[in-house]
Amino acid sequence: MKKWFWYGVFFVGLTAAFLVAVFWDNDFWKKKLPVISYVKPFRFVNQDNVPFSDKDLLGKITVVEFFFTTCKGICPKMNNNMKTVYEQFKDQADFQIAAHTCMPETDSVARLKFYADSLGINTRKWILLTGNKVDLYQVARSSYLLDDPKNNFEKIEDQFIHTQFFAVVDRKGQVRGQIFDGLKKKEVERMKEVIQELLDEKRSGGNFVNSIFTNSPK
């Protein structure tokens, strides 16, 4: 009887080791960052007057912010912190920053282009966006959760979003983790960890990639 007990222990241990080996490189067992919102359809233009829509988020990890080019207060501080994010991830093929103006009445395509040049950034990785004020403010509130939706009750002419917060969107257009304060370096560092975690998530969307259950490569 004792002999069969140890056979059972050995079999259970062998099975556990096999399962760990098979599933170690898959995401399904890991605790996922929570989904806190979903990006709704939008269509803006970038600093080169090229259309940019919600579909341009798919397949990318995107950091989102709102700013305006003439801001002398929080925006320079936010973008200094964002620059550290940009420098760390700019060589990742599936990473980008989407910076929306909150003053489209003054932030024209040409002004955004000039601002991008002053930052010395690759505008394929750090994209500056403008468009209709109603649409810009709607996406800030309903998609990215960067402003209080109750502010929609004011006249659009009187509305002004001046937020220091950043959001991170995954490859499926889902806002993940939390909203980050772009003025606090500790939160920006935490955001970098979230970005890396999302970059490391399997691109296939399946759990059994490169395992005994499929022949698909990573």
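Applying 0.36 nm per residue to the separation of S118 and V50 and subtracting their alpha-carbon distance, the gain on full extension is 22.5 nm. Taking amide H as placed 1.01 Å from N in the peptide plane, S37 has its amide H under 5 Å from the amide H of V175, each at least 5 places away in sequence or on another chain. The calculated FRET efficiency for D135 paired with D200, based on their beta-carbon distance and R0 = 35 Å, is about 0.60. Two numbers describe the Cα atoms of the range 35-200: Rg and Dmax, which are 14.4, 43 Å.
Rounded to the nearest 20, the size of the Cβ-charge dipole of the range 35-200 about its Cα centre is 120 debye, with Lys and Arg at +1 and Asp and Glu at -1.
Backbone phi angles across the range 35-52, fed through the Karplus curve with coefficients 6.51, -1.76 and 1.60 (θ = phi - 60°), yield HN-Hα couplings of 8, 10, 6, 10, 6, 8, x, 8, 8, 10, 10, 9, 5, 9, 6, 9, x, 9 Hz in residue order; Gly and Pro are listed as x.
Distances between placed amide hydrogens fall under 5 Å for H100 paired with E65, F66, F67, L129, all partners being 5 or more residues away or on another chain.
Within the range 67-193, DSSP assigns beta bridges of which about 40% are antiparallel (rounded to the nearest 5). Given their separation in residues at 0.36 nm each and the Cα-Cα distance between them, K77 and D158 gain 26.7 nm when the chain is fully extended. Remark on W126: its backbone amide H falls under 5 Å from those of I97, a criterion applied only to residues 5 or more positions apart or on other chains, H modelled at 1.01 Å from N.
In this structure, A110 and K40 have a Cβ-Cβ separation that, at R0 = 22 Å, corresponds to a calculated FRET efficiency of about 0.20.
Along the range 73-84 the Karplus relation, 6.51 cos²θ - 1.76 cosθ + 1.60 evaluated at θ = phi - 60°, assigns HN-Hα couplings of x, 7, 4, x, 5, 4, 6, 5, 5, 5, 4, 5 Hz to successive residues, with x for each Gly and Pro.
Sorted on the mean count of surrounding Cβ atoms within 10 Å across their residues, most packed first, peptides 50-56, 94-100 read 94-100, 50-56.
FYI, it's all coordinate maths here, none of it is from the lab. Treat the numbers as computed from the prediction; the structure is a model and nothing was measured. We place every Cβ from the backbone using ideal geometry, glycine too, and count neighbours over all the protein chains shown.
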